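First the structure, in the form of structure tokens, and then the observations on it.
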Amino acid sequence: MPLENRLKELRAAHSLNQQELGALVGASRQTISLIERGDYNPSITLALRIAKVFNKSVEEVFYLTGEDSQ
């Protein structure tokens with residue numbers, strides 16, 4: 001079951017580019033890009049930092065898809 005995210009959408013709504021978001025959460029632009037594409041799952045700590053930037057819960061930013069997502 002893949003981990004999906006709303007990162008790109010939230011970044012756009014807050015007028016942040018990948019570099020700026022990375023600086024806010026202590027990650028590289030490349031890491032943010034990989035997370036957005038679904039090629040990398042963030043650590044719990046990084047997921048919490050990202051959610052905090054957008055004033056959202058982790059579940060509002062990241063979610064599971066597929067049969068077992070409930």
Charge dipole (debye, nearest 20) of region 3-60; +1 at Cβ of Lys and Arg, -1 at Cβ of Asp and Glu
140
Are there chymotrypsin sites (Phe, Trp or Tyr not before Pro) in the chain that DSSP puts in a loop and that have at most 16 other Cβ atoms within 10 Å, and which ones?
Y40
What is the distance, in nm, between label points placed 7 Å from the Cα along the Cα-to-Cβ direction at M1 and at Y40?
2.5
Sort T31, T65 so the one with the fewest other Cβ atoms within 10 Å of its own Cβ comes first.
T65, T31
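No value in this document is a laboratory result; all are computed from the given coordinates. The structure displayed is predicted, hence computed values, not measured ones. With ideal geometry, Cβ positions are generated from the backbone for all residues, glycine too; neighbour counts draw on all protein chains shown.
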